[in-house]
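Working notes, beginning with the structure itself.
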Amino acid sequence: MKLLVGAVAAAVLALVAGTVWFAAGVREETVVSNPYEEGLKVGHGHHDGAAAVAPPACDLGASPCAGVLAGGGTVRVELAPRPLATMKELAVRVDLGADAPPDARVSVSFSMPGMAMGENRSLLARTGPGRFEGKAVLVRCPSGRREWTAEVEVAPPGAAARSARFPLAVAE
């Protein structure tokens, strides 16, 4: 029995040593000193860059924000309740004012710059002339990051969609 245990232990030790030896031979050189931080600098999104970005002074997590839609038109966005928190239902309100195309589909999507957090899009319902409302939930990032981007998209039937992006931070 002792001989069998010794043989198994020797085999496992040889396997570990072989794995370490092999891994040392295929190691890649470091291209950047901190790959995670470098990745955060790269914008994340599924669009071609046509969306307008709200001025950095506006934090949708702190107050309602107004912006300009890429392709023309204005938009005002509000999220509640504040402070914004992950894993809790948020009320989303979008006001397009006089720029609201009739029968437009309005949605809001949330993404985290530099981090794939999955598809998070909510279709908003028309609640009045140029006004749309809906619900959304921001998921908790495993890394603890709290910076998000909200993108409002206005898609009139038969026309190109217009959008605007707004930065936001959650409290938790």
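The values are calculated or read from the model by the stated rules, or taken from the named source; none is laboratory data. On a predicted model such as this, the values are computed, not experimentally measured, just so you know. Please note: Cβ atoms are built from the backbone with ideal geometry, for glycine as well, and neighbour counts cover all protein chains shown. Accessible surface is based on the protein model in full, side chains and every heavy atom, while ligands, DNA and RNA are left aside. Shrake-Rupley method; radii C 1.70, N 1.55, O 1.52, S 1.80 Å.
Just a few scattered comments:
- Segment 47-68 residues that are under 17 Å from LEU79 (Cα atoms) and at pLDDT 65 or above, paired with ones that are outside any loop (DSSP other than H, G, I, E, B) and among the aromatic types (Phe, Trp, Tyr) (beta carbon under 6 Å, 6 or more apart): LEU60/PHE166; CYS65/PHE166
- Selection status of GLU153, out of contact with any Gly (no Cβ under 6 Å at 6 or more places or on another chain), under 17 Å from LEU90 (Cα atoms) and not basic (Lys, Arg): no
- Just one of (1) more than 13 Å from ARG131 (Cβ to Cβ); (2) at pLDDT 90 or above fails for VAL106. It is (1).
- Sole residue being aliphatic (A, V, I, L, M) and on the phi > 0 side of the Ramachandran plot, chosen from MET87, MET117: MET87
- Residues of segment 79-96 that are among the hydrophobic types (A, V, I, L, M, F, W, C) and either touching a Gly at 6+ places or on another chain (Cβ under 8 Å) or not in a loop (DSSP other than H, G, I, E, B) (or both): LEU79, ALA80, LEU84, LEU90, ALA91, VAL92, VAL94, LEU96.
- When we screen ARG165, ARG76 for residues that are assigned to a strand (DSSP E or B), surrounded by 14 or more Cβ atoms within 10 Å (Cβ to Cβ) and without any contact (Cβ under 8 Å) to a residue 24 or more places away in the chain, the only hit is ARG76.
- Being within 15 Å of LEU60 (Cα to Cα) and in contact with a strand residue (DSSP E or B) (Cβ under 6 Å, 6 or more places away or on another chain) is a condition met by no residue of segment 116-135.
- Considering only residues in segment 87-126 that are acidic (Asp, Glu) and open to solvent by less than 90 Å² (accessible area, probe 1.4 Å), the one that is nearest to the chain's Cα centre (by Cα) turns out to be ASP95.
- Scanning segment 127-147 for residues that are of a type outside the set (Ser, Thr, Tyr), more than 21 Å from the chain's Cα centre (by Cα) and surrounded by fewer than 16 Cβ atoms within 10 Å (Cβ to Cβ) returns GLY128, PRO129.
- Being among the hydrophobic types (A, V, I, L, M, F, W, C) and in a loop (DSSP other than H, G, I, E, B) is a condition met by no residue of segment 119-135.
- Residue in segment 94-103 that is touching a Phe, Trp or Tyr at 6+ places or on another chain (Cβ under 7 Å) and closer than 17 Å to ALA62 by Cα present: yes
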